Every structure is written in structure tokens, then in C-alpha cells.
Amino acid sequence: MNSVKESSSPKRGLSLPVFHPDFMAEAHAASADAVLHAALDNSVTKKDYGRRSSLAELPDADGLRQLAGDIKRHTLDHLDYYLELLERNVIKHGGAVYFAATREEANDLIVDIARRTGSKLVVKSKSMVSEETELNDALIAAGIEPLETDLGEFILQVDNDHPTHIVMPVIHKNAAEIGHIFARYFKTPFTDNPQELAEMARVYLRNRFNQADMGISGVNFAIAETGSLVLCTNEGNGRMCTTRPRVHVALMGMEKVIPALDDLPVFLKLLARSASGQALTQYTNIITGCRRPGEHDGPEELHLVIMDNGRSKILAGEYRDTLRCIRCGACLNACPIYRKVGGRTYGSVYPGPIGALLTPLFNGLENHKHLPHASSLCGACFEACPVKINIPEFLIKLKRDEVQQGITTRSERTVFKLWAWGLQHAWSYRLGQVVQRVMLRTMGSKDGWIKKLPGPAAGWTAQRDFPIPPKHDFRYAYKQYRSGKNRAK
Amino acid sequence: MKVSLFVTCLTDLFAPDVGMAVVKTLEHFGCSVDFPTAQTCCGQPAFNNGYPAEARALAVKMIDVFHDADYIITPSGSCCAMIRDHYIELFHDDPDQRKLAEDFVARCYEYVEFLTKILKVDLSTLSLPENETFTYHFTCHLRGLGATGEPAIRLLKQLGGAQFTALEKAEQCCGFGGTFAIKYSDISGAMVRDKVQCGSKTGAQTMIVNDGGCAMNIGGACHRMGASFRVQHIAQIIAAAVEHTAGAKAS
């Protein structure tokens, strides 16, 4: 899993960066990686159980999820109104607001702000949306130094790697790997003691917070009514980034707005529980404007960049509900496939079930044709989602789009059409069953199982045996049973 | 009570015993069971792979085949979930057929659901031929049915001679997922091996798996890996208990 950052975005103009294009190769390697599986079970599977038990403490968790989903739906249905309200109220409190149509535009705006304010060192709080824009690359290209201050993100930056989980970015590395990365970076003796490693980062970062000119954060929720930006973190680095430097830039996807302060508790109750099984994150910041006259801390300037980057296209179609996502990562933790392939396999910024949905929606199905299919449709993601995004149903819709757009092969389309035709008649169904039985019964070993199936079905026997059908089917057994009963009468 | 069996294509071909166990146990609980022979498939593979028009044609056929059934019972939960979650929406633009679909969906039950919700059976008078230890895999379709594994486990525990041990990661998908198991066999294989390892850890003799696809997947992996437990549908266990108890009474 020691990945080296490959050249980003082989195709420019895509809304999301593509870290690697070969889903099947990654899936093949990760599926055989027992160390990865154990690490993921130890983290994400545990977090999933944490989510369940912490939600069970609420009187009506399901009702709360419904409410959160309804608030999001309402907001998305009136997004233009709430974004304008947010803009007005941020400006009222002394902030500046910018709208970016693309990720390139968002990066340009932030680079401009950095230049205008003479910022040389930028400290960053964890932000998935800045991963989406590849902001660090843009800042470096402009001669500005970005520094990730979330511990996980810091490790990844030092190692030139990408996050593989939405809220636990460095989940794919164990303590020993991190120990080696730090020993190289800090030129200190190796240790894999988590406390010592965290302390090394803490001492280093504290110093750099004091030197930074600008802090960049994401936004968990933006409250239209008050113009407040809500930031939920566990490490406190987010608070340092948004208070210590003289300039604060917040970058958000345009779907992050919620109507009113009264709506916030609904989401706060769900976010940390869904993400990590905590009742609340350690730090919940509600940032309204910048430093006012007479106040002795806080940034002198606040800039809010609201980014579209393909969201309005999704908003306009039948996939609108996918924009409800609050990036809690619960669907990743619940997903049996994520637990086997890890985040890297998904190839872009957003892994797991929500990534399998968002990545093709942002970048086009033709660029990610495996993602909608690489799901057993078990529904664990829908069950876990705090805003009730029906991910399996949307994945099926994406597959339907693939068929309609001619992305699936002609032979697959023919097979399904023939198959469905055959099943519309009892005679052709029975003929099909008989043919299958006769063929399969010639392939079996003595122990009653088939070890190798031909053609595309070989995938089955690559992993497990296939049963030989019994000599007689149910229809035959049932008929015998009925005629036996009649005779008995 | 008159019930009609929807046996499903997989059970018909690969697991006739499961179908017969459903017939015999339902008769034991006082139902008269009928099997409409024109039935084929619910259309789930087509629907899940993005072919709603093909699924729709099969749904029309299903609804027609079972038009006069009081209850439609199926041993395969995922087929029942397909019907319940998608049949009505498939006819969103055809009010007449949609009405028929609504009526059909309301009469469809998965086997355990029917035993516990409609028949409200009590199995405590039944006992197994020999003491047996069980574990239970939560098949994913239960989510689609809005159900939990609790009713099936409760039924198992009622049987004389049955011991139950919980399965680690019981609710984690076994990796079947229809064409997923073939197209993404690496991932599916890792998933099913995890399931079999958890099953082996319980030390149970039998894992209850109430879906034809999951049973084929877990059973096939058990055989490949040489696991010591067997995979059974709960109907097979109840049928064995019914037969044993009847035999014991007769002798």
C-alpha cells in the first residue's frame, strides 16, 4: 500500500482527480491483502459498531435521520435561495464570498487571496473538498507552502500519498509505516509508538501554526440564516487554523449549506455518531465573521469560497439526493467491499459507496464504468447513511444509464434481453433449467462439486466451488410428492 | 389458509429440498399449499444490472401467475425484497398495472416472515432428531424487507435440541450479489472467505442462510476451504424437526 502519488488527473477537465484508472488491478491486489483486511476490520468495522451503539442511545435515531434527510432535501430544492442568504450574512459579518464554477477556479481564487494578503505559509485543516480541487498542488505551483495540520493528512503530505477514507485519511498505514515516514522526515530515530509519533507532529505543527499567514479550512455546515461556518474536528488543529493566522479561507462545496441555526443540532447529533461513534467531535467551531473591533483574537480577514465543480449538473437531474451527503464516512465503514479493497481502489477522492456513486456522477460513467457494478447491493450503506441516501438504488440507476448510453457491451445487452425473453414462458424457462442441469452435471467432480466453470462463470470457481444440481428439480419432487399424497388418499 | 409457493429459479434447480421443506412445514402448520407451474423468475438479475424494461416484463408475468393466490410465500428473501422494493415503482407510468403490483406486493411474504407475522407459529413442541448447534447469517435482503434476523433466531431457539451461537460480523454481506460474484470475483472471494472464517470460529455445526444465492456462495466456499459447518435453510431444519416429532409421536 505504499503508494507514490502518481501524476494527478490524466484527463484535465474532469471534476475529480483520478489517482489511478485501473479499478480491476487495484481490486485484485487489495482483495488478497490480509494485512489490509485486518487493519480495516480493526478500524472501520469497529467504527461501524460504534456508530450503531451510539445511535441506539438516541430516542429515535431513525426519525432523526429522516429529519436530517428532509432538511437536506428542502435545502437542495431551494439551494439558490439559501446560498444567497448565506452570502449576504457572511458579508454582513465582515467576510468576503466567492463562487467558483470549477475546481480550477476555486484554486485560482484561493491563490489570488494568498498573493493579495502576502501569504507565504498556509496551514490547512482537513478538507475533502480541497482534495477534490488538488489545492496543495495549485498553491505549490504559485510558490506558496501548504501545510496539512490534521495528523493523518500531515502524514500523507509528508509521504506524498492520498487519503483513502473520508474521515480517517491515513487508515491504510500502520504505526510502523508511519514511524518510518517520520524517521525519514524528521531525521530522528525510528519509533512506532503512537504517542511519541503524535508528539513529534504536535511540536512541529505548533511552531508552524505561529508562523502561518493564512489558514484554510473546509466547512461541515454553513448556516444561511446566521452566515456561520461550522467546523467539526477531533484534533483541535481546525481551531488553530481558523484563529491563529491573520487570514482564514474556508472552501466548501455548494451543497454544504443548511437553512438555520436550529437545524444544526440535528446534524451535530448525527455527524460524529455516524463517523466515529462519538456523541460529538472534540471540537465544534461555529465561526461567524472575522475579528471584530475590540476583540483580541481571530483572523483579520475571512474569505468563503463556494464551489460548484459539477454539483449544479447533479442537482438538476434525478441524482439530486446524492448531494445530501455530509461526508461522515459511515457508508465506508459499513461497506463489506470497502473493508476488502480499501479506499485506494476507488481511484479518486471519494472512496466507498458514496464514492462509487459520486465519482461517475462528477467525472462521467465512461471514465468509471466499474464503480456502479462493484457492489453486491447489500444495502449496508443505505442503512448507515445519516441523511438516508439510497445508494444501492442510485447505483442501479447508474447501471441503467450505462446500458442506455451504450457503455455496456453489446453481448451483455443481448444476453439480458434473451434471458428475459426466455423467462417469460414456462416452457423456455424449463428448457433453460434442463440445459443448465445437464451441462452442469457433466462438469462435476466425484465429491459433488464443480471446481472449474467455463467462460465468464470461471470467476465463480476461481474463488469457491459450484454445486452440481441434483438429478431432479423442485418441480419433479413436488409432482412426486403430490401424486404420492393422492395415492395415499 | 391457502398459500402459493414461489420457489424461485435457483431453489428450483439447485435446492429442491428447500422447496419441499417449505411445502411440508407450511402444510404442517395447517396451510394448503399450491404451486403454480407457470412461474419463472422475479426479474431481480435484470433489474439489478440496469435492465428495468426486462425486469418489468417478468414482473407482469409474476403478477399474472399469482393473480388468484391469497398469499405468495418464497424461501428466497432477496426475491421477496425485489418484489417488495421495486415492483410498484417499476410501473410508475402505468396506473392499472401499478395497482395490480400493489395488490400483489401486499400478498408476498418471505418464509420466516410468514411463519412469524401471519401464522405466528410456536415451535417449542418440536424437537430435532439430534442436538445441533446453529449460527445464523443475516442475509442482506432482510434490510430490503425492513426486517432483522431476530425472528429466525427466535424460531431456531424454540426447537428442542437446538443451541445457538452468534456469528461475528453476522450482518456483513457474504459477497454473493448475483453477477457481482462472477464479475468481481476477487472481491467477492475475499468477502465469502471472511464469512466462512467467522462461521468456523463459532464452532457451530450448521449455519442458517435463508437465501438461495447466499447459500450457494457460502456453501461453495465452505467446500473449497474445507470448513466443518454445513449451510442450511431454516425450512430444512424445521422440516427435520416436524418429521422427527411426528415420528416420535407415532412410535
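The conditions are (1) modelled with pLDDT under 95; (2) farther than 30 Å from B:Asn49 by Cα, and B:Thr179 fails exactly one of them. Which is it?
All conditions pass for B:Thr179, except number (2).
Listed here are the residues, each with its yes/no results for (1) part of a helix (DSSP H, G or I); (2) in contact (Cβ under 8 Å) with a residue 40 or more places away in the chain.
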residue: A:Arg327; (1), (2): no, yes
residue: A:Arg339; (1), (2): yes, yes
residue: A:Ser348; (1), (2): no, yes
residue: A:Leu371; (1), (2): no, yes
residue: A:Leu377; (1), (2): no, no
residue: A:Ile389; (1), (2): no, yes
residue: A:Phe394; (1), (2): yes, yes
residue: A:Lys399; (1), (2): yes, no
residue: A:Thr414; (1), (2): yes, no
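Would you mind finding the one in A:Val90, A:Val97 that is farther than 16 Å from A:Asn309 by Cβ, β-branched (Val, Ile, Thr) and surrounded by fewer than 20 Cβ atoms within 10 Å (Cβ to Cβ)?
Numbers: A:Val90 fails: surrounded by fewer than 20 Cβ atoms within 10 Å (Cβ to Cβ).
Criteria check complete, one pass: A:Val97.
Is the stretch A:434-448 home to any residue that is outside any loop (DSSP other than H, G, I, E, B), in the same structural domain as A:Asp473 (by TED's automatic domain parsing), touching a helix residue (DSSP H, G or I) at 6+ places or on another chain (Cβ under 7 Å) and not hydroxyl-bearing (Ser, Thr, Tyr)? Talk me through it step by step, then tell me what you get.
Narrowing the stretch A:434-448 to residues outside any loop (DSSP other than H, G, I, E, B): A:434-443.
Filter again for in the same structural domain as A:Asp473 (by TED's automatic domain parsing), leaving A:434-443.
From what is left, the residues that are touching a helix residue (DSSP H, G or I) at 6+ places or on another chain (Cβ under 7 Å) are A:436-437.
Next, from what is left, pick out any that are not hydroxyl-bearing (Ser, Thr, Tyr): A:436-437.
Yes, that holds for at least one residue.
Looking at this structure, is A:Gln436 open to solvent by 20 Å² or more (accessible area, probe 1.4 Å), more than 30 Å from A:Thr322 (Cα to Cα), at the interface with chain B (Cβ under 8 Å from one of its Cβ atoms) and touching a Ser or Thr at 6+ places or on another chain (Cβ under 9 Å)? Give the steps one after another, and end with the answer.
Numbers: open to solvent by 20 Å² or more (accessible area, probe 1.4 Å): yes; more than 30 Å from A:Thr322 (Cα to Cα): yes; at the interface with chain B (Cβ under 8 Å from one of its Cβ atoms): yes; touching a Ser or Thr at 6+ places or on another chain (Cβ under 9 Å): no.
No; evaluated as a whole, the condition is false for this residue.
Could you grab the pairs with beta carbons closer than 8 Å, sequence gap of 6+ or different chains, first residue in the stretch B:223-251 and open to solvent by 60 Å² or more (accessible area, probe 1.4 Å), second one outside any helix (DSSP H, G or I) and of a type in the set (A, V, I, L, M)?
B:Arg230/B:Met207; B:His244/B:Leu126; B:His244/B:Leu128
Among B:Ala246, B:Ala221, B:Ala240, which is the only one that is within 14 Å of another protein chain (Cβ to nearest Cβ), of a type in the set (Gly, Ala, Ser) and out of contact with any Phe, Trp or Tyr (no Cβ under 8 Å at 6 or more places or on another chain)? Break it down stepwise before answering.
Working: B:Ala246 fails: within 14 Å of another protein chain (Cβ to nearest Cβ); B:Ala240 fails: within 14 Å of another protein chain (Cβ to nearest Cβ).
Residue meeting the stated conditions: B:Ala221.
Please enumerate the residues belonging to the stretch A:53-76 that are free of Cβ contacts under 8 Å to residues at least 12 places away in the same chain, charged (D, E, K, R) and part of a helix (DSSP H, G or I).
Within the stretch A:53-76, A:Asp62, A:Asp70 meet the criteria.
Which of the residues belonging to the stretch A:279-321 are open to solvent by 20 Å² or more (accessible area, probe 1.4 Å), touching a residue at least 60 places away in the same chain (Cβ under 8 Å) and touching a His at 6+ places or on another chain (Cβ under 8 Å)?
Once the filter is applied, which keeps residues that are open to solvent by 20 Å² or more (accessible area, probe 1.4 Å), touching a residue at least 60 places away in the same chain (Cβ under 8 Å) and touching a His at 6+ places or on another chain (Cβ under 8 Å), the stretch A:279-321 yields A:Thr288, A:Glu301.
From the list B:Phe164, B:Phe176, which one is on the phi < 0 side of the Ramachandran plot and within 7 Å of chain A (Cβ to nearest Cβ)?
Numbers: B:Phe164 fails: within 7 Å of chain A (Cβ to nearest Cβ).
Being on the phi < 0 side of the Ramachandran plot and within 7 Å of chain A (Cβ to nearest Cβ) holds for just one of B:Phe164, B:Phe176, which is B:Phe176.
Within the stretch A:9-51, restricting attention to residues that are surrounded by 18 or more Cβ atoms within 10 Å (Cβ to Cβ) and of a type in the set (Lys, Arg), which residue is nearest to A:Gly352 (Cα to Cα)?
Per the criteria, the residue is A:Lys47.
Does the stretch A:152-184 hold any residues that are out of contact with any Asp or Glu (no Cβ under 6 Å at 6 or more places or on another chain) and part of a helix (DSSP H, G or I), and which are they?
A:Gly152, A:Glu153, A:Ile155, A:Leu156, A:Val158, A:Asp159, A:Glu177, A:Ile178, A:His180, A:Phe182, A:Ala183, A:Arg184
Taking the residues in the stretch A:459-489 that are of a type in the set (Gly, Ala, Ser) and at the interface with chain B (Cβ under 8 Å from one of its Cβ atoms) as candidates, determine which candidate is surrounded by the fewest Cβ atoms within 10 Å (Cβ to Cβ). I'd like the intermediate steps shown before the answer.
First, pick out the residues of the stretch A:459-489 that are of a type in the set (Gly, Ala, Ser): A:459, A:462, A:477, A:483-484, A:488.
Among the residues that remain, those that are also at the interface with chain B (Cβ under 8 Å from one of its Cβ atoms) are: A:459, A:462, A:477.
Numbers: A:Gly459: 19, A:Ala462: 14, A:Ala477: 17.
Within the stretch A:459-489, the match that is surrounded by the fewest Cβ atoms within 10 Å (Cβ to Cβ) is A:Ala462.
Answer yes or no: is there a residue in the stretch A:420-428 that is in contact with a Cys (Cβ under 6 Å, 6 or more places away or on another chain) and surrounded by 13 or more Cβ atoms within 10 Å (Cβ to Cβ).
Within the stretch A:420-428, one or more residues are in contact with a Cys (Cβ under 6 Å, 6 or more places away or on another chain) and surrounded by 13 or more Cβ atoms within 10 Å (Cβ to Cβ).
A:Lys397 versus (1) modelled with pLDDT of 95 or more; (2) touching a Gly at 6+ places or on another chain (Cβ under 6 Å); (3) open to solvent by 20 Å² or more (accessible area, probe 1.4 Å): which is the lone unmet condition?
Looking at each condition in turn, A:Lys397 falls short on (2).
The values are calculated or read from the model by the stated rules, or taken from the named source; none is laboratory data. The structure presented is a predicted model; accordingly, all values stated were derived computationally and were not measured. Ideal geometry is used to build each Cβ from the backbone, glycine not excepted, and the neighbour counts take in all protein chains shown. With ligands, DNA and RNA removed, areas are computed over all heavy atoms of the protein, side chains included. Shrake-Rupley method; radii C 1.70, N 1.55, O 1.52, S 1.80 Å.
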